[in-house]
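In what follows, a structure is listed as structure tokens, so that the remarks can point back to it.
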Amino acid sequence: MSFDTLGLAEPLLKALRDQGYDQPTPIQQQAIPAVLAGGDLLAGAQTGTGKTAGFTLPLLHKLAGSHPLKDNRGRYAIRALILTPTRELAAQVEESVRNYGKYLKLSSMVMFGGVGMQPQIDRLKRGVDILVATPGRLLDHHQQGTLDLSHVQYFVLDEADRMLDMGFIHDIKKVLAVLPPKKQSLLFSATFSDEIKALAERLLNKPAVIEVARRNATADTIAQKVHPVDREAKKDLLTHLIKSQDWHQVLVFTRMKHGANRLTEHLVKSGITAMAIHGNKSQGARTKALADFKSGELQVLVATDIAARGIDIDQLPHVVNYELPNVPEDYVHRIGRTGRAGAQGEAVSLVCVDELAFLRDIEKLIKRPIPKEVVAGFEPDPHAKPEPIQIGRRTLNGGLGRSGGGGGGGGGNRPPRPAGQGKPQQHARGGANGQQQPRPRSGGQGGAAKPARTGGAPRSAGSRGGR
């Protein structure tokens, strides 16, 4: 099957050809006709399978084939709203909109927090067809009366599972309350949990349901491996692996922000170019780190789970779990950054005795054991005793699979959401992850995504970010 057979307009097909794409992925083969048909959609697929193109292409087709709307101030009205959990993902989705819609006379902008609101207000005054936003900044604009959502015809909730994990459920409900009741709604999620199904019942009207990969599966193109090691030797083992195997473009995951900082300092002292991205880093620092990593100037990017949600890099060869996640589904999300679009990738986990229960939970989730390989010179002490793992305010005895300190739950249990599943803390507004295929060319975009009226009109600077 080719894109030519899916009913997309010629300007979209031309933009796809410009980028070298001719065959849709399985999610695109099913989602594009479903969206073009006009009904609501609940779609699930693994990371890296092409969800973003699955909704941006048919939305662009439908918007280009209808007349633009004016709001009560005479401005072009927002007709499509795409909501994402993180800043980096918002920027990448809007980049996809511009890349695929470059031969159409449609305008788009990205809106997220961590930057000033005035440039966004100025951009909104000029009229926008497609708005890509994070929930917090979108609500800020709505509350200040700088945003009119009453003409939205198409609503996309992207990365819905991560939205819920980050505590955005109340914000999502507030957004739904101000959107027109009559619209086409699309919900995309990596997994179909009970919470996702409940959200879908609230948002969607008799939706088509698409799921192209079994739940919580890992891609066959990813070679997975565990290196057992003592906790104190992890830094040196990672340094050894990077240098001895001449790794470049290595994405390394830690559980906590301070752990990411400490590991980065160690790698830099060892002569390896490395930077950390997490919620305490400024948007400018995160954007620069991501741009340098994409361009190959930066050898290692150390990230927490939330911060990594905007990383979408062609042919990323190596993902390292410096520390295993205590939520097993996050392992699938982490290693999904490599092995994309049929390319081979490697996912290496450095596992100490404290994390054995986390490893068992992960292997149970993915329904297969992960091969173990001890690295010479880094053999773990067979008599080592597991120690409790501190994650935020929780203490988990990961090696034993029991939690202490009043945290509750076993080593693989999902941590509690922010109080009452309510409004997340400020630092949770925007982390990172992106997963689309076909993938836009990386341009170090991050927070500096420029809005553009596509179709030859010059791009205007000034649309940056949201909460």
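Observations on the model:
- Only one entry of D158, D129, D148 meets the criterion of being over 30 Å from R17 (Cβ atoms), among the charged types (D, E, K, R) and in the same structural domain as F188 (by TED's automatic domain parsing), and that entry is D148.
- R137 vs. criteria crowded, with 22+ Cβ neighbours inside 10 Å and assigned to a helix (DSSP H, G or I): yes
- Scope region 355-385; condition among the charged types (D, E, K, R), outside any helix (DSSP H, G or I) and at pLDDT 90 or above; matching residues: K372, E373, E379, D381
- Listed by position, the helices (runs of 4 or more DSSP H) inside region 1-107 whose residues that are free of Cβ contacts under 8 Å to residues at least 60 places away in the same chain and over 26 Å from S150 (Cβ atoms) number at least 3 are 10-18, 26-37.
- Unique match (being within 22 Å of A198 (Cα to Cα) and either of a type in the set (S, T, Y) or touching a Ser or Thr at 6+ places or on another chain (Cβ under 9 Å) (or both)) among A34, A43: A43
- Any hit, region 347-354, residues being assigned to a loop (DSSP other than H, G, I, E, B), on the phi > 0 side of the Ramachandran plot, modelled with pLDDT of 80 or more and not aliphatic (A, V, I, L, M): no
- All of Q390, Q421 fail the test of being closer than 23 Å to H258 by Cα and either out of contact with any Ser or Thr (no Cβ under 9 Å at 6 or more places or on another chain) or at pLDDT 50 or above (or both), apart from Q390.
- Residue selected from region 140-170 under the condition in a helix (DSSP H, G or I) and within 14 Å of the chain's Cα centre (by Cα), by the criterion modelled with the highest pLDDT: A160
- Considered as a group, the residues in region 207-259 that are closer than 12 Å to E323 by Cα and of a type in the set (A, V, I, L, M, F, W, C) include one that is modelled with the lowest pLDDT, and that residue is M256.
Residue-wise test of (1) in a helix (DSSP H, G or I); (2) modelled with pLDDT of 90 or more; (3) over 19 Å from the mean Cα position of the chain (by Cα).
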| position | (1), (2), (3) |
| --- | --- |
| F293 | yes, no, no |
| V302 | no, yes, no |
| V319 | no, yes, no |
| H333 | yes, no, no |
| R337 | no, no, no |
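- Lone qualifier among S189, S193 - being in contact with a Gly (Cβ under 7 Å, 6 or more places away or on another chain), among the hydroxyl-bearing types (S, T, Y) and assigned by TED's automatic domain parsing to the domain that holds K70: S189
The values are calculated or read from the model by the stated rules, or taken from the named source; none is laboratory data. Treat the numbers as computed from the prediction; the structure is a model and nothing was measured. Cβ coordinates were reconstructed from backbone atoms using ideal geometry, including for glycine residues, and neighbour counts include every protein chain displayed.
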